[in-house]
Amino acid sequence: MSSSTSASRQSWPQYSPVPLRRCPDCPCMEPLKRLTCVKEENGNRGREFVKCLSKPQPGHVLKKCGHFEWLDEYAERLKLEGSTQELNFGGPLAMEHAPIWRTEQIR
């Protein structure tokens with residue numbers, strides 16, 4: 001990789017594990033999923049985000065949820081809401097136990 005290519009890439013902040021709340025946009029009780037953008041589009045490669053992975057369930061009206069937040073915006077929202085790792089967020093709370101940096105394809 002040339003230095004001009006790597007120099008033009010955005011360097012996104014790396015976050016330690018954060019509490020993952022349930023989706024604010026749907027009735028799904030599962031926590032949001034933390035992922036990393038692997039596409040070059042719009043200079044976001046390497047930027048972390050959270051999204052809802054709920055899908056339609058047989059016998060339910062629930063449709064696939066499209067909730068998406070960049071991790072920096074999600075962390076700021078939690079901070080503004082006064083949420084900390086010690087609080088119960090009114091739904092399932094998941095703490096990440098996986099490595100801080102993951103590369104998973106956006107679908």
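Readers should treat all values here as calculations from the given coordinates under stated rules, not as data from a laboratory. Because the structure is predicted, anything quoted here is derived from the model rather than measured. Reconstructed Cβ throughout: ideal geometry from the backbone, glycine too, with neighbour counts over all protein chains shown.
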What nm value, rounded to one decimal, do you get for the distance between Asp72 and Glu40 when each label is placed 7 Å out toward the C-beta?
-> 2.2
For Leu53, enumerate residues with amide H under 5 Å from its amide H, sequence gap 5+ or separate chain, H modeled in the peptide plane.
-> Lys33
